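See below for the structure under consideration.
The values are calculated or read from the model by the stated rules, or taken from the named source; none is laboratory data. Source: prediction; values computed, not measured. All Cβ positions, glycine included, derive from the backbone under ideal geometry; neighbour counts span all protein chains shown.
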Amino acid sequence: MAIRLGDIAPDFTAETTEGVVNFQEWLGDKWGILFSHPKDFTPVCTTELGTVARLKGEFDKRNVKPIAISVDSLESHNQWVPDINETQHVTLNYPIIADPERKVANLYDMIHPNANDNFTVRSVFVIGADKKVKLTLTYPASTGRNFDEILRVIDSLQLTANYSVATPANWKNGEDVIIAPAIKDEEIAAKFPKGFTKIKPYLRYTPQPN
Ligand code: BEZ
């Protein structure tokens, strides 16, 4: 069954390039991003895995642990990693799950048979510290993902997890945010000491609170 926002991220134990991982234990109290790629030794995937390695510091800053997955074997992953390092000028710094029996891929509904029977599509699951799924994304094999956008969404998700705010279209870290409609005007001063601008009763902006 498809995984929906707010669901507890299904747990699993799997072999990875960094040893056997029990997903929930491995996450600990951190956030996670579980992302699938279609196939080892393919060009778009090589650039994606390199990009995430390059952005690892940005994920660390946000307390987010990345983990990749495909239905290839551990042997295949281990043979491919030197190519990623060489061509993307990185040292891979997060685990890749080997899932040749498709246990995790099926658990997370990452194989879309009408797109392709043989490999996972480009799925993304962002998981919060409460182990709940905060974001799902599905891209086709032919389109590499924009991991800067995924970091931007994580910034928004973490803001809304800590404050009663939402973020407007095209919002970027540091820009004004929207006060949740559930907050009454008279509660705003205490909750948002930086002040607010009221455009409509339902559209109230405040400087980013953190
Ligand atoms: C790629 O990563 O380049 C790719 C993988 C599977 C199908 C198409 C492209």
Under 7 Å between Cβ atoms, at least 6 apart or on separate chains: pull out the pairs that start in the range 134-153 with a residue that is closer than 19 Å to V177 by Cβ and end on any residue that is assigned to a helix (DSSP H, G or I). K134/L157; L135/V153; L135/L157; L151/E58
Could you pull out the residue among V177, V126 that is at pLDDT 95 or above and outside the structural domain of I33 (by TED's automatic domain parsing)? V177
Would you pick out the residues in the range 15-36 that are of a type in the set (G, A, S) and either within 16 Å of the ligand (Cβ to nearest atom) or not assigned by TED's automatic domain parsing to the domain that holds V133 (or both)? S36
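Let's see how each residue does on (1) within 19 Å of R122 (Cα to Cα); (2) of a type in the set (V, I, T):
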| site | (1), (2) |
| --- | --- |
| I8 | no, yes |
| T17 | no, yes |
| L34 | yes, no |
| F41 | yes, no |
| V44 | yes, yes |
| T47 | yes, yes |
| G50 | yes, no |
| A53 | yes, no |
| E58 | no, no |
Requiring at least 2 residues that are within 16 Å of the ligand (Cβ to nearest atom) and in the same structural domain as E18 (by TED's automatic domain parsing), the helices (runs of 4 or more DSSP H) wholly within the range 37-110 are 43-54, 74-88
